[in-house]
Amino acid sequence: MYPYAQTLDAELERAAADAPQRPFVRFMQREWSYAEVWRDAQRSAAALHALGVRDGDRVSLLLPNGIAFVVAWFALARLGAVAAPLNTEWRGATLADALALVGSRVLIVQSALWPAATGAVADWPGRVVVVGDMPDDAPADALAWDTLAPRADAALPPRAGHFADAALLLYTSGSTGRAKAAQLSHRFVLRHGAGAIDGLELRADDVLYCPYPMFHLDGAVLTLAPALLLRAVAAFGERFSASRYWDEVRALRATVFDFMGATLTMLWKQPPSPRDRQHGARLGWGVPLPAWAGEFEQRFGCRLVELYGATEIGVVLYTPQHEPARPGSCGKPMGPFELALVDEDGAAVPPGVVGELLVRGTEPSVLMDGYWADPQRTRQVLRDQWFHTGDLLRMDADGWYSFVGRRRDVVRRRGENIAAAEVEMLLEQHPSVLECAVLGVPGAQTEEDLLACIVLRPGASLTPGVLADWCEGRMARFMVPRYLRVMPALPKTPTDKVEKVRLRELGVADAWDRDAQARQA
């Protein structure tokens, strides 16, 4: 295991002493060295201390990917305060609720995102700090980030932080209700950073590229933290773009990248280019890994590996780097964790049988410490010393795990349990399908029917009837969706997760109905 300090700020101080001129954070515009980030974090910590931010206080960040996010997070760690990054797509009541949930004292907001925050802070008692140009309608006592830190005295008294102190409040997506804020310790961040180094066999000369928001686990914990521990480079794009992806990989000189959801499919279905192998990336990691992963590796000249994790537990399964890959598997347990698969009654299931995954740590503070100010939902998932993931997996006789689906995404149809994720992967094998989302909708006799929402590749033409016929020959009949809807795009969160709750709200009234077509025939 890679060694690390007790706290994030202590580890950054060590890194700035070890490798002051080595680049730490890289964006398309410029990069910052370890010494520069440490210097700016100290100055910003002093400025926030002057505003009254103290040990244990929560500070909300409404910031896009950029150096301000990185500096603010390490500055708050220096003070013993807790960063609470906000989803940059949130507006109005959702944003106000997120601020109130964690009791923030200060909101650090990018000026371009200020219009989203105006209504949310109308009755909020905290202080606003603006990154960028000061908006005309900002509060009278709002402060400018760019002028605040440079004039602050950086001489703060030393702080003896503890590894169990809260370092980060990461909100869950909130796609099924009010967002929850998972409380993650310094130990959680650094231990999972070390776990990524071990599980992915990362190196000190790596450039870890993340195109997703820093308020997500991938950016903050699985990109910044392992780079910090290795004295390597964390490289960020503004947001995922299939057309710009490989250009960013080249420009940022990335060697490792991550993917999630349909992003890999979108890259795969881009038109082939003579430049497909003209990059320095050797490894891509993420979930899910499609059936055509081997073809992707051949085309782009890099290895793909699957893993399994969640905001509340970090990553607990990695694909072993020196064992033959097993299609459909997300790997074996790695790190200080115990795993169990159980049925609906909590009894352990044998190898080969699907069960809900339960996780517990064998070291302190390697799982979340609960949902902030939400003891009821904390008790729902942390029971009997186990974290109940709500995810369904299967383990084979050799200890390899395969992800089957989320319990809430399993559809009961015609006496069969159908994992939406499995149907989605099959549908995305059609050459005209760019991406899709499958969900259960009310059906007859208390069961559900399947609705598939489809996005076609640019220039592709495909009718629902033709796609349904294609499905008939490639999946069990009970898995073939009854309803098909072709859409220009799927509603998504900034982390490219499909918001299925919005698709359910659309209903099936205007969707193509396979059963209705059969009756008419």
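Quick look at the numbers
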item	result
Interchain or long-range residues, amide H under 5 Å from residue 449's placed H	441, 443
Loop-resident sites, the stretch 398-483, for GluC sites (Glu not before Pro), counting at most 15 other Cβ within 10 Å (DSSP)	447
Highest average packing first - 458-470, 284-296, Cβ atoms within 10 Å	284-296, 458-470
DSSP-defined beta bridges in the chain - what % are antiparallel, rounded to 5	55 percent
DSSP beta bridge pairing in the stretch 414-520, given as percent antiparallel to the nearest 5	75 percent
Fraction of antiparallel bridges per DSSP, the stretch 1-159 only, in percent to nearest 5	15 percent
Under the Karplus curve 6.51 cos²θ - 1.76 cosθ + 1.60, θ = phi - 60°, whole-Hz ³J(HN,Hα) for the stretch 294-300, x wherever Gly or Pro sits	x, 5, 4, 4, 5, 5, 9
Partners for residue 500 among aspartates and glutamates (Cα-Cα distance below 14 Å; same-chain residues under 8 apart left out)	409, 424, 435
Mean-position separation - Cα centroids, the stretch 310-336 and the stretch 207-261, in angstrom	20 Å
Overall form of the chain per C-alpha gyration tensor (a/c, 1.5; a/b vs b/c)	prolate
Residue-averaged 222 nm ellipticity for the chain, from DSSP H runs of 4+ at -39500 (n - 2.57), nearest 500	-7500 deg cm²/dmol
Relative exposure of 438, 349, judged by other C-beta atoms within 10 Å (fewest first)	349, 438
Separation of alpha-carbon centers, the stretch 31-109 and the stretch 417-436, rounded to whole Å	39 Å
Residues with amide H under 5 Å from that of residue 257, placed H, sequence gap 5 or more	209, 283, 284, 285
Summed side-chain charge close to residue 337 - residues other than residue 337 whose Cβ falls under 15 Å, Lys, Arg +1, Asp, Glu -1	-1
Long-range HN-HN contacts of residue 433 with modeled amide H, under 5 Å	457
Sites matching trypsin sites (Lys or Arg not before Pro) across the stretch 386-443 that sit in DSSP coil, with at most 15 neighbouring C-beta atoms within 10 Å	414
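Each reported figure results from applying straightforward, stated rules to the coordinates on display, with no laboratory input. Predicted, not measured: the structure shown is a model, and the values here were computed from it. Don't worry about glycine lacking a Cβ; one is built from the backbone with ideal geometry, like all the others, and counts go over all protein chains shown.
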